[in-house]
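These notes are about the structure you will find just below.
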Amino acid sequence: MNVRGSLFGWLLLALTGVAVVPAKAAAELTAPPPRVFVLPIRENIMPPLTYLVRRGVKQAMDARADALILDMKTDGGRVDVTEEIIKIIGQFRGRTATYVNDRAFSAGAFIAVATQEIYMAPQSVIGAAAPIMMIPGGGAQEMPDTMEAKMNSAVRALVRSQAERHGHNVEVIEAMIDKNRELIIDGKTINRKGDILTLTDTEAAREYGDPPKPLLSAGTIESLDALLARLGFANAQRVDVQPTGAEQLAFWLNALNWLWLILGVAGIYLEFKTPGFGLPGIVGLSAFAVYFLGSYIAGLSGLEWPMLFVLGLLLVVLELFVFPGTIVLGMTGGLLMLITVVMAMVDRYPGMPAIPTLPQLRAPLADLLYAALGSVVVITILARFLPKTSIYGVLVSQKASATESVAAQAAEQQRRVGREGVAVSTLRPGGKAQFDDEILDVMTQGDLIEKGTRVRIVGHSGREAIVEPSLGPGDPSG
C-alpha cells in the first residue's frame, strides 16, 4: 500500500475538500461497462438462421462487445448452413461461449464446438452429430455407405479444426459424428462402436485424465444469468439479439437474386428504348429495389450501395438525355451501377479491408453472370416479338415524343427518313443533330462524326434516328 500517497490524499481532502483518486481507480470509475451479446440458436439450422447470426455478430463487432454467448436449443439442420454459421462466428474476436439451454443435436453440436467454452443447463443433452440425408416429404434417411464415409470425412475435418482451435476434446467430437468410433478414456468406455455419442450435462462435465479435464462441458449452470455471472459479466450491458422474421424474407429474396437482376436490366433497357416513362421502367426499378432490400435485411450491406446505384443511374440518364456523346458520364454511371450490384452482396465485417477477396466475390459474381446471360435472352426475345403484340402500346407512354400513339410515332419517324441536318454534338456514335427547328437524339452506324457535319436520317432504332454523313445535294448516295 502506498502510505505516503494515502496520507497526502487525506491531508489534501482535509485542507481543500478535494479528494485525490488514484489513476487506476479513476480509470475503473470512468470505463464503460462490458458488453455481452446473446445470440439465440433456437430453431433448426437452416438458411434464414444464417442472416440472424450474421446480423448479431456484426452488431456485436460494431459495439465492440466483450463476449458473444450462443443461447442454444436446436435439433440440428443443414451442414452447409452450419459451415457458414461457423465462419461467421469466427469473425468475432472477443470471448465466445455456448449455453446448451435444453439440447444441441447434430449441427447444433458442431456450432457449439466453434465457441471457446461450452456450458449446459441441467438435464440438457449434446451430441448425435452424424450427418443424415433429408428426403423431401420423407424425413431423415440413412445415407449410402460411400456417401456417408465421404460426408463424415468432410464434417470431421471441419469440426476437428474448430475443436483443436478452442481446446475441446477431438476424440469426443469425432465419436459424436462417426458411429464406428469407439471412445475409451481412463479405461472407461464412454461410447461403444456402432453408437453415436450423446452426452447429458452431467456426463459432459465429468472430468477425466491427469490432470483432470472435463469431457466437453465447462460446467452445468442453472440459467443464462448465472452463466453471465460465472463468466464475470454479472454487471455487463446485455444485448439480446431478437429474430425479426425478416430473415425468412431475406432468404427468399436473395435466393432469387438472379431473377431480380434480369428483370432490372431488361426493364431499364426497354425503358430507354421506348418513348416516355412506362411500365418497363417501373418494373426495372422495382426489381433493383427488391434486390437491394434483400441485401439490406440480410445484413450484407447498408444503404450506401443502393444510394450509389441511384447515382450511377442518374449519370447514365444525363449521358443519354442531357449531355449525349460525352461517354465519360455514361461509362462512370454504368461502372458505378455494376460495382454496387456486386458489392451489395459481399459479406463484409467491421475491420475487413475495403477491397473484397475472391471468395467474397464468388457468389455475387455468379449471380451477376447468370443475370447477364438471362438478360440477353430476355431482351432478344422481347425486342423481336414485343412490338408485334397488342400489349406493346400499354408498356409505353401514349404521349411521348409529341406523338399520340405508337402508330403515330412510327409514321412520324418514317416521314423523317431522308431529312438532312447538322450534328450539334460529336456523335460517338450517339449524340444530337438539328433538322430545321427540331433537335433529335441520333446515332451513327458505328462511325464517329464530328460536330458541325451535315448528316442524313436513314432509319430509326427505338427513339433514336440513325444518321450517316451527307455531302449535301450533290451527295452520290442521295
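Computed from the coordinates by the stated procedures, all read-outs in this text should not be read as laboratory data. Just so it is clear, the model here is predicted, and its values are computed rather than measured. Please note: Cβ atoms are built from the backbone with ideal geometry, for glycine as well, and neighbour counts cover all protein chains shown.
Please list, ordered by chain and number, the residues whose modelled amide H lies under 5 Å from the amide H of THR426; skip anything fewer than 5 residues away on the same chain.
Excluding prolines and chain starts, which carry no amide H, the hits are LYS451.
According to the square roots a ≥ b ≥ c of the eigenvalues of the Cα gyration tensor, what is the shape class of the stretch 401-469, taking rounded for a/c under 1.5, prolate for a/b larger than b/c otherwise, and oblate for the remainder?
Prolate.
Scan around ARG103 for amide H atoms under 5 Å from its own, H built in the peptide plane at 1.01 Å from N, and keep only partners 5 or more places away or cross-chain.
Answer set, sorted by chain and number: THR74, VAL125.
Express in nm, to one decimal, how much length is gained between SER223 and LEU335 on full extension, taking 0.36 nm for each residue of separation and deducting their alpha carbon distance.
Net length gain for the segment: 35.0 nm.
According to the square roots a ≥ b ≥ c of the eigenvalues of the Cα gyration tensor, what is the shape class of the stretch 220-370, taking rounded for a/c under 1.5, prolate for a/b larger than b/c otherwise, and oblate for the remainder?
Prolate shape, in that a/c is at least 1.5 and a/b is the bigger ratio.
If R0 is 25 Å, what FRET efficiency do you get for ARG42 and THR189 from their C-beta distance, rounded to 0.05?
0.15
Would you calculate the separation in nanometres between label points at ALA289 and LEU471, each defined as 7 Å from the Cα along the Cα-to-beta-carbon direction?
According to this spin-label approximation, the distance is 5.5 nm.
I need the peptides 41-47, 363-369 ranked by packing, meaning the mean over residues of other C-beta atoms within 10 angstrom, with the highest value on top.
Numbers: 41-47: 18.6, 363-369: 16.0.
Most protected by this proxy first, the peptides run 41-47, 363-369.
Note down the net charge around LEU361, summing +1 for each Lys or Arg and -1 for each Asp or Glu among other residues with Cβ under 15 Å from its Cβ. Could the numbers behind the result be given before it?
On the way: positive: ARG348, ARG362; negative: ASP347, ASP367.
Charge balance near LEU361 sits at 0.
For the stretch 75-87, take each phi angle, set θ = phi - 60°, evaluate the Karplus expression 6.51 cos²θ - 1.76 cosθ + 1.60, and give the result in whole Hz per residue in order, putting x for glycine and proline.
9, x, x, 6, 5, 5, 5, 4, 4, 5, 5, 4, 5
So, in nm, how far is label LYS451 from label ALA234 when the simple model puts each one 7 Å beyond its Cα toward the Cβ?
Calculated label separation equals 7.9 nm.
Got a sec to turn the phi values of the stretch 408-424 into Karplus ³J(HN,Hα) couplings, 6.51 cos²θ - 1.76 cosθ + 1.60 with θ = phi - 60°, whole Hz, x for Gly and Pro?
With the stated coefficients, the stretch 408-424 comes to 5, 5, 4, 5, 4, 5, 5, 5, 6, 4, x, 5, 10, x, 10, 5, 9 Hz.
How much length would be gained if the chain were fully extended between ARG415 and LEU369, taking 0.36 nm per residue of separation minus their Cα-Cα distance, in nm to one decimal?
Using 0.36 nm per residue and subtracting the Cα-Cα distance, I get 12.4 nm.
May I ask you to compute the full-extension gain from ILE327 to SER161, defined as 0.36 nm times their residue separation minus their alpha-carbon distance, rounded to one decimal in nm?
54.5 nm
Normalised by the number of residues in the stretch 250-394, what is the relative contact order in percent for Cα pairs under 8 Å and 6+ residues apart?
25 percent.
Go through the stretch 436-451 residue by residue and turn each phi into a ³J(HN,Hα) via Karplus (6.51, -1.76, 1.60, θ = phi - 60°); whole Hz please, and just put x for glycine and proline.
Listing the rounded values in order: 6, 9, 10, 9, 10, 6, 10, 8, 8, 8, x, 7, 8, 10, 6, 4 Hz.
Quick check: pseudo-label points 7 Å beyond the Cα along Cα→Cβ at SER461 and VAL317, how many nm apart are they?
2.3
Over the stretch 32-240, what is the mean sequence separation of C-alpha contacts under 8 Å (at least six apart), divided by residue count, expressed as relative contact order in percent?
Answer for the stretch 32-240 is 20 percent.
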